[in-house]
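**Q** Structure incoming, see below.
The values are calculated or read from the model by the stated rules, or taken from the named source; none is laboratory data. Here the structure is a predicted model, which is why all the values come from computation and not from measurement. Every residue, glycine among them, receives a Cβ derived from its backbone with ideal geometry; neighbour counts consider all protein chains shown.
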Amino acid sequence: MKLKKTWLLGLALVLAGCGHGFEGEYNEQVGSSVEILNAFAQVAGGRTLFIGPDYIDADGIRTDFKDIFVRESGSQKYLVFKKDDDTEEAWKIEDNDTLIQGGGLVSIKLKRIKK
């Protein structure tokens, strides 16, 4: 019985340590396919931010989330940031180090620079 409790505790600790896999430091790149908007977007981009297990830290401001997780929709994957009021913001996962939001006139790309 004691071995079973120890095994369950160990499993719970391992599962608690599992994150969404996208924790790390990211460089923000803002761009547009429209030349004039792209010029303004280049000025606005270039921030560095950190994605943690349940928060984002950008410019010293920390935003906490109820949950951050990966959602699959067809053949596409998204990193979903769920807020306390259950609203969600989803970023398209381009690869293991790149997240994209937008794609209309202006898009934002987060490129991981440090895990």
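**Q** Do you know which residues across the stretch 97-110 are within 13 Å of the chain's Cα centre (by Cα) and modelled with pLDDT under 95? Break it down stepwise before answering.
**A** Initially, the stretch 97-110 is screened for residues within 13 Å of the chain's Cα centre (by Cα), giving 97-101, 108-110.
I100, Q101, I108, K109, L110 - these are the residues of the stretch 97-110 that are within 13 Å of the chain's Cα centre (by Cα) and modelled with pLDDT under 95.
**Q** Inside the stretch 50-105, can you point out the residues that are farther than 18 Å from G24 by Cα and either β-branched (V, I, T) or in contact with a Ser or Thr (Cβ under 8 Å, 6 or more places away or on another chain) (or both)?
**A** Matches in the stretch 50-105: T87, L105.
**Q** Now for a different question. Taking interchain pairs and intrachain pairs at least six residues apart, which have beta carbon atoms under 9 angstrom, with the first residue in the stretch 82-101 and of a type in the set (G, A, S) and the second in a strand (DSSP E or B)?
**A** Hits for this filter: A90/R71; A90/S73; A90/Y78; A90/L79; A90/V80; A90/F81; A90/Q101.
**Q** It is to be established whether one or more residues within the stretch 58-67 are within 18 Å of I113 (Cβ to Cβ) and either at pLDDT 95 or above or surrounded by 12 or more Cβ atoms within 10 Å (Cβ to Cβ) (or both).
**A** Checking the stretch 58-67: at least one residue is within 18 Å of I113 (Cβ to Cβ) and either at pLDDT 95 or above or surrounded by 12 or more Cβ atoms within 10 Å (Cβ to Cβ) (or both).
**Q** I'm trying to understand the selection: among the residues of the stretch 94-113, which are loosely packed, with under 11 Cβ neighbours inside 10 Å and in a strand (DSSP E or B)?
**A** D95 - this is the single residue of the stretch 94-113 that is loosely packed, with under 11 Cβ neighbours inside 10 Å and in a strand (DSSP E or B).
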